[in-house]
1. Of the residues that sit in the range B:130-163 and are crowded, with 21+ Cβ neighbours inside 10 Å and within 12 Å of another protein chain (Cβ to nearest Cβ), which one is modelled with the highest pLDDT?
2. Scan the range B:631-663 residue by residue and report those that are within 28 Å of the chain's Cα centre (by Cα) and exposed (fewer than 15 other Cβ atoms within 10 Å of the Cβ).
3. Looking only at the range A:9-21, decide whether some residue is more than 23 Å from the chain's Cα centre (by Cα), more than 7 Å from chain B (Cβ to nearest Cβ) and modelled with pLDDT of 65 or more.
4. Quick one: residue A:49 ticks every box in (1) at pLDDT 70 or above; (2) within 7 Å of chain B (Cβ to nearest Cβ); (3) assigned to a loop (DSSP other than H, G, I, E, B) except a single one, so which number is it?
5. So residue B:204 clears everything in (1) more than 30 Å from residue B:752 (Cβ to Cβ); (2) part of a helix (DSSP H, G or I); (3) out of contact with any helix residue (DSSP H, G or I) (no Cβ under 6 Å at 6 or more places or on another chain) except one condition, right? Which one?
6. List the residue pairs whose Cβ atoms are under 7 Å apart, where the first residue sits in the range B:550-561 and is more than 13 Å from residue B:616 (Cα to Cα) and assigned by TED's automatic domain parsing to the domain that holds residue B:602, the second is part of a loop (DSSP other than H, G, I, E, B) and at pLDDT below 70, and the two are 6 or more positions apart or on different chains.
7. Any residue at all in the range B:450-460 that is without any contact (Cβ under 8 Å) to a residue 24 or more places away in the chain, on the phi < 0 side of the Ramachandran plot and surrounded by fewer than 24 Cβ atoms within 10 Å (Cβ to Cβ)?
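The values are calculated or read from the model by the stated rules, or taken from the named source; none is laboratory data. Nothing here was measured: the structure is a model prediction, and the numbers come from that model. Note that we place each Cβ from the backbone using ideal geometry, even for glycine, and neighbour counts take in every protein chain shown.
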């Protein structure tokens, strides 16, 4: 059972990291619009056809 | 089968013929506007939008050119100063965008803007209908960005978040952090303590238990100090104001449990309830967060509504009228204010006379007549007549004050049942405090070791959160549901009243009908030149913002008009080349009409001589018939300013039993007042300037997204996509919402009454009390959430 004396502090450390990440996410507005970013993964970033004159596209992603 | 517009899903009139290629297929559109938007989307390679979207788009604006002209005012330095944050050559602006219906709209706008050279960052917030844009101000102008958005069918306006909205946002973030922390900690503490709880066989030795207690204390401390901070300050504020609120027993329970837990841990002797403590805070925060975020969202949307407040004015320079920013107006400049428009600045009338509604400034609804030489104030609405104003004071302050006033009013109008619950909870809390104190004293006599825990159980178990949640949770779910259907609720308490409505009044022009007149026929009196008559009429109508005026907008209107005035619901008059002309209804013209032009509804006359009659027709909206079929109320009345024959035709075609024609705004007001005096709850659906007063008078008022500013400012419910069928949805939701509120309150009260004897007699340990309290709150919230479906 003595293993819990090590494991629980490690768990607490992980929780602290999780809280840190969560606070950072809140601070950087990631919870402002849950609707849009929930579905943005479904929308393709590529703009087919006229792909050559674009400066804001993610590289190397084609269907 | 009727064909529907590929872009906005409206039915296409069979004679129209607008097509373009999307995904290689020929698609049909309802108007040149929608067609142009679709073309722009396809030409930019963004046709995937039509795959991604889950909702149809809004009908596009047709007079695009005019729109783009007005956008130029946004390149003005003063606007840049106010709305744009500039760092080196990067500018950042917040825009509110109307027309966003689903997440694909956000995608489309981002992609469309990304094509402009000079755009650095675009972020579209779909739920708030806003975007923040960063761009390089050397390559790009603001008006270019706005017109680019306009081209794909959305309307963007610069926007400055209100001070209190910024604080709302801060609070929202703080809430999230507190909630997240409490949630994570609750999980940890529960994990440890579940082990202890279910240790039925005594395998956990005393030393481990003590270790668990210390860890629990360590994990609970941030929850008590940070997550629960809001409760302390709220309870403290209440006590300082010498009242008690819900937070007082909460703070009492929290601090008692925590302090006794600390003592028990340090002395290694006695009970601790850290897990109950964490869960209690976590669940309380959830309910508070729900309520807060509902209000945050409402404040965002109502702040977006401010875009409808005119920020532009019509500057008169010589004979030219240019739209400019109201802010940029300087003293001594001349401004034209048409009827139905808001006066943009304080000034003196130098030409024309008008009836002004100064309710926003004075609170008195009666119209004030003003003529040249008198002062008008920014924010008052010119109901009647056209004014030319000389600016006496620049805008600074006055308008902003009034807007924030208007918004605060909206925020303060809390639902009646909710405020009743608040009052009720005052007494409730007092009773709880008295009961827990007396049972503490009694238990001290019976069993001193249990006295504290019994008291804490009473405090926790009877926590009136479920009662406090009953109304706001139901209302916010109903509002969210309506919002997702394209219905904007300006006051949540309108929902409460809608369920009691038994008398419905409908406006005809622009509400049941499209409100877009088209000139169907022009019959002139023998000896009169038709073209000349049309020109005269068009020149007169250019000063009016009545829907009728738009029918004439395609005709050349170069004639000079002076002494122009308009009578709401009747007509317009003015002098051209020194001759007095009247254009309007029969009663306004006041002349006998020959038989052959009797079918017309607008007449042109001069000096007691009839010149010409115009037949203007107005199409009945597609949703009108369906709406009337679905609304099941006893009294349905059509109120219109139009002539009896036209009103009768519309009423008959839509099966409306009662109709009143030739109603002036005052008449409409009286009709509604009379109904209200007979104890009817009146719902008014209207859209125009002349509906403003009656919309304000009605118990619930509904208007369309395409209505005049005035109608929007006095309406409670706005149907953003202009489809009248949505009214029946509002009715249905209102009914369900009311049922939910009553269920919730009944449950919350019943639970508290049931649990109190259990807690007082000591049957309930604190953790059971927490579970019971949170279960009752969760049941209330879950019950409300069913409204979302």
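1. Here the residue is B:131.
2. Those that are within 28 Å of the chain's Cα centre (by Cα) and exposed (fewer than 15 other Cβ atoms within 10 Å of the Cβ): B:632, B:633.
3. First, the residues of the range A:9-21 that are more than 23 Å from the chain's Cα centre (by Cα): A:9-10.
Those left that are additionally more than 7 Å from chain B (Cβ to nearest Cβ): A:9-10.
Checking the rest, the ones that are also modelled with pLDDT of 65 or more come to A:9-10.
Yes, the range A:9-21 has at least one match.
4. (1)
5. Answer for residue B:204: the failing condition is (2).
6. Pairs found: none.
7. Within the range B:450-460, the subset without any contact (Cβ under 8 Å) to a residue 24 or more places away in the chain is B:451.
Imposing the further condition that a residue be on the phi < 0 side of the Ramachandran plot reduces the set to B:451.
After this cut, where a residue has to be surrounded by fewer than 24 Cβ atoms within 10 Å (Cβ to Cβ) as well, the list is B:451.
There is at least one residue in the range B:450-460 that is without any contact (Cβ under 8 Å) to a residue 24 or more places away in the chain, on the phi < 0 side of the Ramachandran plot and surrounded by fewer than 24 Cβ atoms within 10 Å (Cβ to Cβ).
Residues are listed down the side, and each one gets a yes or a no for (1) within 14 Å of chain A (Cβ to nearest Cβ); (2) under 30 Å from residue A:31 (Cα atoms); (3) in contact with a strand residue (DSSP E or B) (Cβ under 7 Å, 6 or more places away or on another chain):
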| residue | (1), (2), (3) |
| --- | --- |
| B:221 | yes, yes, no |
| B:224 | no, yes, no |
| B:231 | no, yes, no |
| B:234 | no, yes, no |
| B:238 | no, no, no |
